[in-house]
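Heads up: the structure comes next, in structure tokens.
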Amino acid sequence: MTALATDRPVPRWADRAAHLVSLVVLPAGLWRIALAAGASMGFSDADTAGLPGAQSLAIVALSLVSEGVALLTLGLVKPWGERFPRWIPRLAGRRIPPEPVVVVAGAGAIALQLIVAFAFRTPGVPGLDFSSPAWEVLFYACYAPLALWAPLTAAVTISYGRRRLG
């Protein structure tokens, strides 16, 4: 069986950037899941250990939704982002209109940039006290890659728009 191809070739850099998106989101998600599972993650505040069930579920859900949204970026470089899958009645195999895809992906990139700008507006995170500097370094090492999510998504979206609209 041969792999399906996109209508127009995807630039190599765009394909790599789309794959990288899910990897820059992963460390923060793993951090949150460890916290939800009961690990202290170096917080000196005893309140963070053993989060209530609903709060833990919300943290895990945030991690899963974030990774799922990040994986949707692959649709901008894969055939399933250009044609409806065969299992969708009446739309199977039809071309996906590129305009709404570009608008939604572009709006997503802008929203992500606003979220990151708000989250990283000041150095340090108020109210977070770590038991050692090593835990704080690990925290920032897990969350810093999120700053790349918006620019990577924007670049892949522009590439998609140029290929599909141009």
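For segment 125-141, give me each residue that is buried (at least 17 other Cβ atoms within 10 Å of the Cβ) and closer than 19 Å to Ser63 by Cα.
Phe139
Consider segment 34-78. How many of its residues are modelled with pLDDT of 90 or more and among the aromatic types (Phe, Trp, Tyr)?
Result for segment 34-78: 0.
Could you pull out the residue among Ala92, Ala144 that is without any contact (Cβ under 8 Å) to a residue 24 or more places away in the chain, under 22 Å from the mean Cα position of the chain (by Cα) and loosely packed, with under 14 Cβ neighbours inside 10 Å? Lay out the reasoning, then the answer.
Numbers: Ala92 fails: under 22 Å from the mean Cα position of the chain (by Cα).
The match here is Ala144.
Give the residues of segment 79-100 that are of a type in the set (A, V, I, L, M) and modelled with pLDDT of 95 or more, sorted by residue number.
none
Output the helices (runs of 4 or more DSSP H) that fall wholly within segment 56-166 and possess 1 or more residues being under 15 Å from Ala18 (Cα atoms), or say none. Outline the logic, then answer.
Numbers: elements: 98-119, 133-143, 149-165.
It comes to 98-119, 149-165.
Can you tell me which residue in segment 19-35 is surrounded by the fewest Cβ atoms within 10 Å (Cβ to Cβ), limited to those that are within 10 Å of the chain's Cα centre (by Cα) and over 17 Å from Glu136 (Cα atoms)?
Leu23
The values are calculated or read from the model by the stated rules, or taken from the named source; none is laboratory data. In this text the structure is predicted, and so the values were computed from the model without any measurement. Virtual Cβ from ideal backbone geometry, glycine too; neighbours counted across all protein chains shown.
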